[in-house]
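In what follows, a structure is listed as structure tokens, so that the remarks can point back to it.
The values are calculated or read from the model by the stated rules, or taken from the named source; none is laboratory data. Since the model is a prediction, treat every value here as computed from it, not as a measurement. Backbone-built Cβ (ideal geometry, glycine too); neighbour counts: all protein chains shown. Just the protein is used for accessible areas: all its heavy atoms, side chains included, with ligands, DNA and RNA removed. Shrake-Rupley method; radii C 1.70, N 1.55, O 1.52, S 1.80 Å.
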Amino acid sequence: MYHDTVLLQNIINELEIKEKGVYVDTTLGGGSVSFEILNRLKGGNLISLDIDTDAINNFKLEFEKKYSKKFISNSMTLESNTITLVNENFSKLKEIILNLGKEKLKINGIIYDLGVSSFQIDNPKKGFSYMSDSDLDMRMDKRLKVTARDLLNGMYEKELSSMFERYSEEPFSKDIARNIVKFRKTKSIERSSDLVSIVKRSIRGQAYLYHHVSRIFQALRIKVNNELGVLSDSLLLLPDILESGGRVVFLTYHSGEDRIIKHYFLHNDNFISLYKKPVTPSDEEISKNRRARSAKMRVYEKK
Ligand SMILES: C[S@@+](CC[C@H](N)C(=O)[O-])C[C@H]1O[C@@H](n2cnc3c(N)ncnc32)[C@H](O)[C@@H]1O
């Protein structure tokens with residue numbers, strides 16, 4: 001499974017990994033961050049979460065290739081380290097840590113590398129991408145009940161346009177919402193190609209179609225997975241679970257996520273912000289990896 005992690009070395013440096021420490025990777029994805037943490041532990045503990053069952057299963061396969069050891073249950077010991085995989089939402093982080101045993105409650109470092117992985121985008125069955133014609137699903141967690149298709153066919157015009165404005169600041173939100181409602185009078189919206197054709201009909205002037213399409217897909221994905229809501233819930237748990245001196249590193253790709261994080265820590269006396277402004281990838285990294293262009297890293301340390 002391939003995912004080119006943005007600012008990988010910065011993330012690892014900021015976590016200041018202690019050999020015997022306890023670390024949580026809340027967004028396992030392709031596993032690069034988890035493997036890097038694991039490489040630096042000796043007698044330590046790594047807990048890796050992902051809401052997407054495929055990410056967990058793929059990590060097990062990668063692990064087997066790397067260490068020639070089968071990852072049979074969801075927890076195993078590798079040399080002197082314990083690694084635990086949890087297929088859950090990071091909004092349940094505190095319960096997860098408590099369930100693993102009280103002694104693990106105090107964490108030395110946590111990483112959130114938000115959004116979707118290249119693996120998810122490249123898989124047409126997940127419906128995140130407009131690059132291939134696919135079903136408009138967009139659930140990272142298949143236990144969720146509502147898909148992007150349900151939203152597109154069920155929301156009122158006003159709700160659709162405010163969702164696009166709120167989550168993607170799309171200038172043609174109103175026109176797109178109007179054309180969605182018009183489209184569904186003749187047939188329901190099922191495929192990503194339906195949505196691309198609606199956006200195409202809605203934009204005017206010199207607009208580059210795929211800028212608008214990508215914003216609309218992002219807004220739907222954020223809504224389907226309640227991405228801003230679960231992030232806010234998860235932040236509230238951090239003061240209780242982080243050890244004094246422990247660090248939390250965030251990588252965001254959306255201004256709404258970055259704003260939530262910035263405001264939460266601005267009003268929280270339990271943490272010190274390690275950077276006044278977010279760290280961004282170099283031009284060189286951006287030229288090699290398009291996803292890096294909107295990435296921002298923020299780091300906080302528990303007092
Ligand atoms: C950008 S990728 C992480 C990439 C990873 N750091 C790597 O090195 O490959 C984000 C991952 O987080 C997962 N994810 C997103 N929101 C989540 C949530 N609320 N709880 C748990 N996992 C989540 C996604 O399913 C995806 O696999």
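Brief remarks follow.
- Counting only strands (runs of 3 or more DSSP E) wholly contained in segment 40-99, the ones carrying 2 or more residues that are modelled with pLDDT of 95 or more occupy 45-49, 81-86.
- Search result, residues across segment 149-170 that are touching a residue at least 24 places away in the same chain (Cβ under 8 Å) and closer than 14 Å to residue 215 by Cβ: 163, 164, 166, 167, 168, 169, 170
- Some residue of segment 203-226 being in contact with a helix residue (DSSP H, G or I) (Cβ under 7 Å, 6 or more places away or on another chain), more than 12 Å from the ligand (Cβ to nearest atom) and under 20 Å from residue 8 (Cβ atoms): no
Let's see how each residue does on (1) open to solvent by less than 80 Å² (accessible area, probe 1.4 Å); (2) more than 30 Å from residue 155 (Cα to Cα):
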site	(1), (2)
220	yes, no
239	yes, yes
245	yes, yes
248	yes, yes
276	no, yes
285	yes, yes
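- Within segment 114-126, residues that are in contact (Cβ under 8 Å) with a residue 40 or more places away in the chain reach partners that are more than 6 Å from the ligand (Cβ to nearest atom) and of a type in the set (Val, Ile, Thr) with beta carbons closer than 6 Å, at six or more positions or on different chains, in the pairs 114/252.
- Matching residues, segment 49-59, being touching a residue at least 24 places away in the same chain (Cβ under 8 Å) and under 23 Å from residue 95 (Cα atoms): 49, 50, 51, 52, 53, 54, 55, 56, 59
- Some residue of segment 98-107 being open to solvent by 30 Å² or more (accessible area, probe 1.4 Å) and closer than 18 Å to residue 29 by Cα: no
- The residue that is nearest to residue 235 (Cα to Cα), counting only those in segment 52-96 that are of a type in the set (Val, Ile, Thr) and open to solvent by 30 Å² or more (accessible area, probe 1.4 Å), is 53.
- Which numbered condition residue 134 fails, given (1) in contact (Cβ under 8 Å) with a residue 40 or more places away in the chain; (2) open to solvent by 80 Å² or more (accessible area, probe 1.4 Å): (2)
- Flag if residue 289 is farther than 30 Å from residue 159 by Cα, surrounded by fewer than 21 Cβ atoms within 10 Å (Cβ to Cβ), under 20 Å from the mean Cα position of the chain (by Cα) and at pLDDT below 95: yes
- Those strands (runs of 3 or more DSSP E) of segment 206-302 in which 3 or more residues are touching a residue at least 40 places away in the same chain (Cβ under 8 Å) occupy 242-252, 296-302.
- Among the residues making up segment 167-177, a single one is open to solvent by less than 70 Å² (accessible area, probe 1.4 Å), of a type in the set (Asp, Glu) and not in a helix (DSSP H, G or I): 170.
- Summed over segment 138-166, residues that are within 16 Å of the ligand (Cβ to nearest atom) and assigned to a helix (DSSP H, G or I) total 1.
- In segment 178-205, the residues that are closer than 18 Å to residue 146 by Cβ, touching an Asp or Glu at 6+ places or on another chain (Cβ under 6 Å) and assigned to a helix (DSSP H, G or I): 192
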